[in-house]
Amino acid sequence: MPLTESETAVLEPDALEALVSALRARGYRVLGPMLRDGAIVYDDLSSAADLPIGWTDVQQPGRYRVERREDAARFGYAVGPHSWKRFLLPARLRVWRARRDGDGFEIDGEEAESAPLAFVGVRGCEISAIAIQDRVLLGGRHVDADYAARRDGAFVVAVDCFEPADTCFCVSMGGGPGITAGHDLALSEILDGEHRFLARAGSQRGAELLRALPTRRAATDDVAAAAAAVEAAAGRMTRTVEAGDLRDLLARNLEHPRWEQVAQRCLTCGNCTMVCPTCFCTNVEDVSDLTGMEVERVRIWESCFAVDHSFLHGGSVRQSGRSRYRQWLTHKFGTWHDQFDSSGCVGCGRCIAWCPVGIDVTEELAAIRESDGARG
Ligand code: SF4
Ligand code: SF4
């Protein structure tokens, strides 16, 4: 009997190879997780054998390590330094190039990404992050044409997270660890003795792809095992944020002494903004060649921790580390709501793990809340 959009099926681990092949056969550029340089990163998957089989990550504030697992889990880690924004909003993108031509010049525009993208191994927090960037880059009056071209037709193979890191708090922000929306295909990796994947289609094309894979019908036990793994993962998450009233809490604490204390530690390196899957600020640079015959305009990721980020005529508005950290945190958790009707944080924990001095947003927010009560 043919599968419908909401049906489920079970795949053996070896069927992931068929999944990658089927996506490639449909013309997708297939991207997914792999182990490289001591981290689990996202790049082109040539085969399911590229997945980080039997590896996990261990994360704490200012610390990220990969370690061997005792099983052959394909998705047995949380999230690494990369997010899918690396492909949807590249860190460096040539916008146009111009060449002198006699007394004039010629301008070449850039072609957008040609093959549709397929993301394999997308976490719940990452689906939320993509939805946030969609609102920012597609939802306003000014649509980012390059982002729109890359996002158009992107196929999402999401995977429930059953191994949250010590730095994760997606339960507080409402985006994980289970997959509930935003996917074409959702997988639950079940490791309760028989290694298998419960697959759920989330769209017509997801159902069509699932139909092309070697599967067996899902039993009640498979569905129950997947649900139990998600529930157990949620229960293991130790970090929390009281998210409901953060906008107002931060707005009435702009002069809180905690901003000065965190500024004593913060290096204003901008790592937190680079790894954050929702940060979207960019800048442009014009670069000419040594002969002066060619010039190109390049769009690059920008950080609100850079002094020049707030440069207006006469100087930068936010000169101190205190003001720059405050800008980041109050925008992400507060004024983002005014601009985009949601929080700018999905609780992935990357900014905590990749901060070289281990500054933890959950701790900073809790400290402000604690003495807000005392002051109030
Ligand atoms: S909070 Fe950490 S990662 Fe962010 S700018 Fe400061 S030192 Fe760098
Ligand atoms: S602010 Fe930190 S925890 Fe929140 S989405 Fe960005 S990197 Fe993840």
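Using 0.36 nm per residue and subtracting the Cα-Cα separation, the extra length available between residue 224 and residue 181 on full extension is 13.6 nm.
The convex hull drawn around the Cα atoms of segment 183-250, when projected onto a plane and averaged over every direction, covers 7.1 nm².
When the chain is treated as a GNM with alpha-carbon contacts under 10 Å, the residue of 152, 192, 37 showing the greatest mean-square fluctuation is 37. Accessible surface area normalised per residue over the chain is 46 Å², counting heavy atoms of protein chains with a 1.4 Å rolling probe. Once the other residues with Cβ under 12 Å from the Cβ of residue 26 are scored (Lys, Arg +1; Asp, Glu -1), what is the net sum? Value of the local net charge: +1.
Taking only protein heavy atoms and a 1.4 Å probe, the accessible area of the chain is 50% carbon and sulfur.
If you take the Cα centroid of segment 137-211 and the Cα centroid of segment 47-98, the two points sit 15 Å apart. Per-peptide packing, taken as the mean over residues of other Cβ atoms within 10 Å, places 268-276, 66-74, 116-124, 13-21 in the sequence 116-124, 268-276, 13-21, 66-74 from highest down. A Förster distance of 25 Å, applied to the separation of the beta-carbon atoms of residue 242 and residue 134, puts the FRET efficiency at 0.40.
Only helical runs count toward this figure. For the chain, summing -39,500 (n - 2.57) over DSSP H runs of n ≥ 4 and dividing by all residues gives -8500 deg cm²/dmol at 222 nm. Mean-square fluctuations from a GNM of the chain, with a 10 angstrom spring cutoff on Cα atoms, peak among 76, 38, 102 at 102. Label the chain by shape, choosing from rounded, prolate and oblate, from the square roots a ≥ b ≥ c of the eigenvalues of the Cα gyration tensor; if a/c is under 1.5 it is rounded, and otherwise prolate applies when a/b is larger than b/c, oblate when it is not. Note, shape of the chain comes out oblate. Modelled spin-label separation between residue 105 and residue 265, with each label point placed 7 Å from Cα along the Cα-to-Cβ direction: 4.7 nm. Of all DSSP beta bridges confined to segment 112-269, the antiparallel ones make up roughly 50%.
Largest GNM mean-square fluctuation among 100, 247, 350, using the chain with Cα springs under 10 Å: 100.
The values are calculated or read from the model by the stated rules, or taken from the named source; none is laboratory data. Small disclaimer: the values here were computed from a predicted structure and weren't measured. Here Cβ is always computed from backbone atoms with ideal geometry, including for glycine, and neighbour counts include all displayed protein chains. Just the protein is used for accessible areas: all its heavy atoms, side chains included, with ligands, DNA and RNA removed. Shrake-Rupley method; radii C 1.70, N 1.55, O 1.52, S 1.80 Å.
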